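Reviewing the structure listed below.
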Amino acid sequence: MNAQSCFWIGLAGALAALAFAFRQRRKVLRFSEGTPQMAQIAAAIRKGANAYLRRQYRTVARIFAVVFALLLLLAAFGRLDSWFIPFAFVTGGCWSALSGFVGMRIATAANVRTANAAHESLNQGLKVAFASGAVMGFTVVGLGLLDISIWFHVLRYGAGLDAQTIAHTMVMFGMGASFMALFARVGGGIFTKAADVGADLVGKVEAGIPEDDPRNPATIADNVGDNVGDVAGMGADLYESYVGSILAAFALGASAYSGEDLAWNAMLLPLAIAVVGVLCSIAGSFLIRTKENTGQRALLGTLRRGTYSAALLSAILAAPLTYFILGLEHIGVYLAILAGLAAGCAIGYFTERYTSASYAPTRNLADATETGAGTTVIGGLSLGMKSTAAPVLIVGAAIILSFLAAGGTLSTDAADYALRFDRGLYGIGVAAVGMLSTLGITLATDAYGPVADNAGGIAEMSGLGEEVRDRTDALDSLGNTTAATGKGFAIGSAALTALALLVSYVDVVKVRVPGTLDLSLTNPAVLVGLFIGAMLTFLFAAMTMSGVQTAAQAIVQEVRRQFREITGIMDGSAQPDYAACVDLCTKGALHEMVLPSLLAVTVPVLTGIFLGVEAVVGLLCGVTVTGFLMAVFMSNAGGAWDNAKKYIEGGSHGGKGSECHKAAVIGDTVGDPFKDTSGPSLNILIKLMSTVSIVFSGLVITLSPFFLG
């Protein structure tokens, strides 16, 4: 088949995804906002979220301008492979930011509508919240496919480049998306968790008032944070994961199949898988509905029905796609796609097992609150560490199976070892695409959680009935589990994509550096690079956690001040100064996000300049392995702490206000920055460092001899 003529399907898939997102948006906006008081609270949340994103985008734009100028300078001196890279850096960042912005806009419109719909029934609340999540999910995949398709056609038909040049140029395009995503995740995560921790510590523990009580000065900031961190940050994060996996598969496919004149076909296949995944996700979304008075298992079951059905449909349709695009002799690539899909579903399942209150691990964590906050924290740390075993084994099995299925060999004795090795790596690349192929519905089940959380806050602040809060709490608790599942998909795909990017880096360096690279562990440069990469994971996590701590301390002091100085807050006769807490969170997040985010850009370049390209390979290996484990540990521990708290708030162990509840709140304050700031940011760090290493390889190779002699 003539693969070159079929790349238009990327545009078709993008339009289908964006059209469905627009349809879901109209569906959400048809619902009522409820009472004037509910609309007023929602407007305050919307105003705060918009104000934060404007200031964040202005800050990031200045940094982008500096990097863009540097890339132009490198291109002028021939240290970049293409003049298109600086401009693709900007477009990638813009699309990533737009993904998060669109999701945040619909989330701040849907929160109040979900609260009002939950007044009618649980199913109505789920319908509105999930529809808003679908807007986010399908906007992300639609814009991702649109970005890839536009640049492909520009490079192929505008610049007239061949398959391998296009593939190796486009793999560098992910840097802008990853750069923006890291700022969005870190900044939004610091904002939301500073507000959440501050509101919980002073409101729940010290003052003894309920969550989202309107007397708490930090409650509006907490709800704003759900949108700028858990929605806008998450959208930018998964946009770069989605695009990065497809571009990495492009590069690997063009290299592996160039000898058979199948390079175009190997690039087309991951794009076609992504498009089919869009259609299957749309079909699966119609299966998500629930009945009134249902439990967490049933709610989890309805979301599983939608996501698993989409994955099954994708698995079925991927077989004829592989046959028609690559031919029967390469049908093993289909098994690699299946390995990725199965790995994604398996990671999702084990994430649910460790974070949902429907299962023993989280319930056992709730039991630990009987003996205080100390045992609760210890139990959560232990749970998170245990939870790393299953994802590591799953991803490891997916790597081996996809490598072998696509034609790779683990033996170096074969005469065609190099070719078979490249084929195997392509299998790993398409496995990552398979894992994220149904991202539209996976992200929809993830993004609806913050909407449900906001809906509960609006219900509490506007004085709706207890049954409404019970329904929104049920949706919110499920949202914690689906959010952890979404992070699991992102982290799992990050490991596969980072491996593909690492190979791309080695390929780029081999072209530029004469001689043979010594990548053995006996090379001191590689070993030192491994240590630096491993250290960087802990340094980055520490800096982002510290950012939450610093900002949260400011919120705690401000809430205490208002309780102390504004008379009448506790009896409801005076209104707190909500804007002061929103402003403190904004300033703290913007100040604390810059330094950890810049680590991802500066460390690979400096390591390469002072220690050589072999050290960069070690660096990328070290940060990938430790970053993957740390991300899983932090995300799952945080999700379990949060759901253990909600399990107690549902009536177990004395319910709200009990000593067990106070211990659970302490555990949750530890888990908040784990699961929503540091943990999810690590998967972006892994891929961004790989892409930065590729883009700046020319500069490193030019400058490193001056320091290495």
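The values are calculated or read from the model by the stated rules, or taken from the named source; none is laboratory data. This one's a predicted model, so the numbers in the text were calculated from it and none came from an experiment. Ideal geometry is used to build each Cβ from the backbone, glycine not excepted, and the neighbour counts take in all protein chains shown.
Computed quantities for the displayed model
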quantity: Close pairs from segment 206-221: first farther than 13 Å from A44 by Cβ and among the polar types (S, T, N, Q), partner in a helix (DSSP H, G or I) and at pLDDT below 85, Cβ under 7 Å, at least 6 apart; calculated: N216/A199; N216/G203
quantity: Test result for T165, out of contact with any strand residue (DSSP E or B) (no Cβ under 6 Å at 6 or more places or on another chain), part of a helix (DSSP H, G or I), surrounded by fewer than 19 Cβ atoms within 10 Å (Cβ to Cβ) and at pLDDT below 90; calculated: yes
quantity: Residue within segment 482-503 that is in contact (Cβ under 8 Å) with a residue 12 or more places away in the chain, more than 30 Å from L619 (Cα to Cα) and not aromatic (F, W, Y) present; calculated: yes
quantity: Only listed residue being part of a helix (DSSP H, G or I) and polar (S, T, N, Q), chosen from Q575, Q549; calculated: Q549
quantity: Condition met for F633 (aromatic (F, W, Y) and surrounded by fewer than 24 Cβ atoms within 10 Å (Cβ to Cβ)); calculated: yes
quantity: Any hit, segment 88-110, residues being more than 26 Å from A177 (Cβ to Cβ), part of a helix (DSSP H, G or I) and β-branched (V, I, T); calculated: no
quantity: Residue count for segment 22-70, restricted to those that are of a type in the set (A, V, I, L, M, F, W, C) and farther than 17 Å from V224 by Cα; calculated: 14
quantity: Lone unmet requirement of (1) at pLDDT 80 or above; (2) more than 23 Å from Y239 (Cα to Cα) for L410; calculated: (1)
quantity: Helices (runs of 4 or more DSSP H) within segment 351-414 that include 2 or more residues under 28 Å from K656 (Cα atoms) and in contact with a Ser or Thr (Cβ under 8 Å, 6 or more places away or on another chain); calculated: 360-367, 373-386
quantity: Answer residue from segment 247-282, given it is among the small types (G, A, S) and under 23 Å from the mean Cα position of the chain (by Cα) and is surrounded by the most Cβ atoms within 10 Å (Cβ to Cβ) among those; calculated: A248
quantity: Positions within segment 57-87 being in a loop (DSSP other than H, G, I, E, B) and of a type in the set (S, T, N, Q), in sequence order; calculated: S82
quantity: Near pairs, Cβ below 8 angstrom, 6+ apart or cross-chain, from segment 1-21 (under 17 Å from F324 (Cβ atoms) and in contact (Cβ under 8 Å) with a residue 60 or more places away in the chain) to any residue that is surrounded by fewer than 19 Cβ atoms within 10 Å (Cβ to Cβ) and of a type in the set (K, R); calculated: Q4/R156; F7/R156
quantity: Test: residue in segment 429-443 that is modelled with pLDDT under 80 and of a type outside the set (A, V, I, L, M); calculated: no
quantity: Test: residue in segment 142-156 that is touching a Gly at 6+ places or on another chain (Cβ under 6 Å) and among the aromatic types (F, W, Y); calculated: no
quantity: Condition check for G650: buried (at least 24 other Cβ atoms within 10 Å of the Cβ), of a type outside the set (V, I, T) and over 22 Å from the mean Cα position of the chain (by Cα); calculated: no
quantity: Candidates Q4, Q56, Q40 - the one that is surrounded by 19 or more Cβ atoms within 10 Å (Cβ to Cβ), over 19 Å from A452 (Cβ atoms) and of a type outside the set (S, T, Y); calculated: Q56
quantity: Residue check, Q562 modelled with pLDDT of 80 or more, more than 29 Å from V692 (Cα to Cα) and surrounded by fewer than 17 Cβ atoms within 10 Å (Cβ to Cβ); calculated: no
quantity: Those residues of segment 599-613 which are in contact (Cβ under 8 Å) with a residue 24 or more places away in the chain and part of a helix (DSSP H, G or I), in sequence order; calculated: L599, A600, V601, V603, P604, V605, T607, G608, I609, F610, L611, V613
quantity: Breaking point among (1) within 20 Å of R289 (Cα to Cα); (2) among the aliphatic types (A, V, I, L, M); (3) outside any helix (DSSP H, G or I), for A455; calculated: (3)
quantity: Residue in segment 640-647 that is surrounded by fewer than 20 Cβ atoms within 10 Å (Cβ to Cβ), assigned to a helix (DSSP H, G or I) and either modelled with pLDDT under 90 or not small (G, A, S) (or both) present; calculated: no
quantity: Subset tally (residues that are out of contact with any Cys (no Cβ under 8 Å at 6 or more places or on another chain), in a helix (DSSP H, G or I) and closer than 23 Å to G657 by Cα) for segment 204-234; calculated: 7
quantity: Identity of the residue in segment 522-549, β-branched (V, I, T) and in contact (Cβ under 8 Å) with a residue 60 or more places away in the chain, that ends up nearest to L606 (Cα to Cα); calculated: I532
quantity: Subset of segment 111-128 that is polar (S, T, N, Q) and part of a helix (DSSP H, G or I) - its residue that is nearest to E33 (Cα to Cα); calculated: N116
quantity: Test result for D583, over 24 Å from the mean Cα position of the chain (by Cα), farther than 30 Å from L517 by Cβ, in a helix (DSSP H, G or I) and of a type in the set (D, E); calculated: yes
quantity: Complete set of residues in segment 32-68 that are closer than 18 Å to V594 by Cα and not aliphatic (A, V, I, L, M); calculated: Y52, R54, R55, Q56, Y57, R58, T59, R62, F64, F68
quantity: Selection within segment 115-152 - more than 22 Å from F250 (Cβ to Cβ), small (G, A, S) and touching a helix residue (DSSP H, G or I) at 6+ places or on another chain (Cβ under 7 Å); calculated: A115, A117, A118, G125, A129, A131, S132, G133, A134, G137
quantity: One residue from L271, L303, L313, L279 being at pLDDT below 90 and in a helix (DSSP H, G or I); calculated: L303
quantity: Of all residues in segment 318-327 being part of a helix (DSSP H, G or I) and surrounded by fewer than 18 Cβ atoms within 10 Å (Cβ to Cβ), the one that is nearest to the chain's Cα centre (by Cα); calculated: A319
